[in-house]
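The structure appears below as structure tokens.
Every number in this text was worked out from the coordinates using simple rules, so none of it is lab data. In this text, all values refer to a predicted model and were calculated from it rather than measured experimentally. With ideal geometry, Cβ positions are generated from the backbone for all residues, glycine too; neighbour counts draw on all protein chains shown.
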Amino acid sequence: MMRKITLTLIASLLPQIGYCQTSSDSLHERVIFAIAHNDAAALTSRDYEEIQNKITRGDTEYISLYPELTQEPFLGAAAFQEGIDTALALALTLNTPATLKQVTPHNINIVCGMPFIEPTEKMIERYYTSAHAQLAGTGKSGAACLDILEGQMKDIKAADKAGKMEWGEDEY
């Protein structure tokens, strides 16, 4: 309740502090405004891409907005909703504590797994090594996530050994 009041207060002040719908510098303010007013009309597809990029890069400010970004008024942005859990998964290696705070029973398999489509073997190995090291250092808070990561790596290795793993050709 307090967070909603704070967000509403911030959003109501935006016009007085130079709120501009086209300025990339005001993206965070526009997101807060959208949350407080339940209206994301001012956000463009480019804005949604930038929000995902900021989450992917481990930006705590945007990772902390994850619960709100997965609800109205953001549900109409289908591509954004499809990619937000993957963005959070990629943030796992860059900002593990903030990311773990956003893990739920609904998203745990994506966030704590291998967030790639047709990865190369090198991509999987690099990601696994980094994510494993980060999660191993979290103790109990990352234990469930670590179990999922290890399980998925085991499945990938078994599929590869059986010749059923389809590896990508290009790194991304």
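Taking every pair of alpha-carbon atoms in the stretch 103-172, what share in percent sits in each 5 Å bin, from 0 to the bin with the longest distance?
Binned Cα distances yield the sequence 3, 17, 25, 25, 17, 9, 3, 0.
What is the ratio of the Cα radius of gyration of the stretch 25-100 to 2.2 N^0.38 Å, where N is its residue count, to two decimals? Walk me through the intermediate numbers first.
Values: Rg = 11.4 Å, N = 76, 2.2 N^0.38 = 11.4 Å.
Taking N as the residue count of the stretch 25-100, the ratio is 1.00.
Taking 25 °C and 0.890 mPa s as the conditions, I'd like the Stokes-Einstein D for the stretch 30-153 in µm²/s, using the Kirkwood hydrodynamic radius from alpha carbon pairs.
166
Within a Cβ distance under 10 Å of Ala98, other residues only, what is the Lys/Arg minus Asp/Glu net charge?
-1
Please sort 146-152, 77-83 by packing, taking for each peptide the average over its residues of neighbouring beta carbons within 10 angstrom, highest first. Intermediate results must be reported in sequence, preceding the final value.
Numbers: 146-152: 17.1, 77-83: 14.3.
Sorting 146-152, 77-83 by mean packing, highest first, produces 146-152, 77-83.
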